[in-house]
1. State all residues of the stretch 52-76 that are aliphatic (A, V, I, L, M) and more than 21 Å from residue 124 (Cα to Cα); if no residue qualifies, say none.
2. When you go through (1) in contact (Cβ under 8 Å) with a residue 60 or more places away in the chain; (2) closer than 25 Å to residue 76 by Cβ one by one for residue 127, which number turns out not to apply?
3. Go through (1) free of Cβ contacts under 8 Å to residues at least 40 places away in the same chain; (2) in a helix (DSSP H, G or I); (3) of a type in the set (Lys, Arg) and name the single condition residue 160 misses.
4. Kindly indicate whether residue 291 is surrounded by 14 or more Cβ atoms within 10 Å (Cβ to Cβ), in contact (Cβ under 8 Å) with a residue 40 or more places away in the chain and either over 13 Å from residue 193 (Cα atoms) or among the β-branched types (Val, Ile, Thr) (or both).
5. Which one is surrounded by the most Cβ atoms within 10 Å (Cβ to Cβ) among residues in the stretch 294-331 that are aromatic (Phe, Trp, Tyr) and in contact with a Gly (Cβ under 9 Å, 6 or more places away or on another chain)?
6. Check off (1) under 30 Å from residue 19 (Cα atoms); (2) outside any helix (DSSP H, G or I) for residue 112 and give me the number that stays unchecked.
7. Show me the strands (runs of 3 or more DSSP E) entirely contained within the stretch 1-109 in which 1 or more residues are closer than 30 Å to residue 153 by Cβ and not hydrophobic (A, V, I, L, M, F, W, C).
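Values in this text are rule-based calculations from the coordinates and carry no lab data. Note that the coordinates shown come from a computational prediction; the quantities given were computed from them, not determined experimentally. Every residue, glycine among them, receives a Cβ derived from its backbone with ideal geometry; neighbour counts consider all protein chains shown.
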Amino acid sequence: MSEKKVFCEECRSDIVFTVTEKQMEASIKGEKYIYMGKEAHCADCGSEIYVDEINDFNLKALYDAYREKNDIVSLEMILAIPEKYAIGKRPLSLLLGWGEQTFSRYCDGDMPTKQYSDVLKRIYAEPRYYAELLEKNKCNLKTYATYEKSKRAVDKLLGKSVETKTKIDMTIEYLLSQCEDITPLALQKALYYIQGFYYAFYETFLFSEECEAWVHGPVYRDIYYRYRDYKFDPIEVNNEFDSSIFSSSEKAVLDSVVKNICCYSGKILERFTHSETPWLSTRGELPENVVSYRIIQKEKIGDYFSDVKEKYNMIIPNDIKEYTKNMFEQI
């Protein structure tokens, strides 16, 4: 007997009630389904009464019977998918190319079509299939962080070891931990200057990634797609980073760029690069607003910044400040 009280139409008062299980029958789309439901009865007069949670239970039992007979994914399986792959309901809908609220509606009890049901069942049962979808459709997601979080979850399910971060990834994390209000545009230029000045001082490049001569200056393509959704807004900052992973020479260049280059806005740095040989010579005769993905050859970057180091008599990386100060005065 339940201690909760509900209103009894016969007794005209709030009463406690009893609950019994009963085989029930109902129709969906003209077809009958038999399921085990529940009935609530007034403890005083014995008449059947309406109880919200009992009604909800019966509806779910009916739809569970429908799902089972028509081979439709269960609600329990639907609810388990976001937790299994560490992804939100809306991002999952976007990943699958569905309406943004579609998966949320299924979590609330709406019935998916057989086609969508089959996709969800396969996703739940086959982490490898989900991993393929995640890679193929990651551009549908609004943030790269959403992709990274879900990728870690599915990689763990597949028994994959966590990939070692590349030097450019670690550099980005360090820049984000040190620079306030750094936009994607400013980040791209900071990476470019790190690459150039590191070569100038140590005759080797810090990154293996290629840089391209886009309309708004040098760009690392993969990094652009990672943070493009921030547009002109600052990238979310992570203040926790262990800089001991960098050598003293690496950190000297990084810290000098943070101090002497990241103090300028992305648009100012764009204007710097538009007056420098690597971007200009790679673009050639292209008008300034014409899209191009031409790679800025590392040799051009290395030669240019080596000449800058010599011209400004730079001894240590912090001497970069004289170059950036002069560039700012010229624009």
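1. Correct list: 54, 59, 61, 62.
2. With (1) in contact (Cβ under 8 Å) with a residue 60 or more places away in the chain; (2) closer than 25 Å to residue 76 by Cβ applied to residue 127, the lone miss is (1).
3. Going through the list (1) free of Cβ contacts under 8 Å to residues at least 40 places away in the same chain; (2) in a helix (DSSP H, G or I); (3) of a type in the set (Lys, Arg), residue 160 breaks only (2).
4. no
5. The extreme case among them is 305.
6. Looking at each condition in turn, residue 112 falls short on (1).
7. No strands (runs of 3 or more DSSP E) qualify here.
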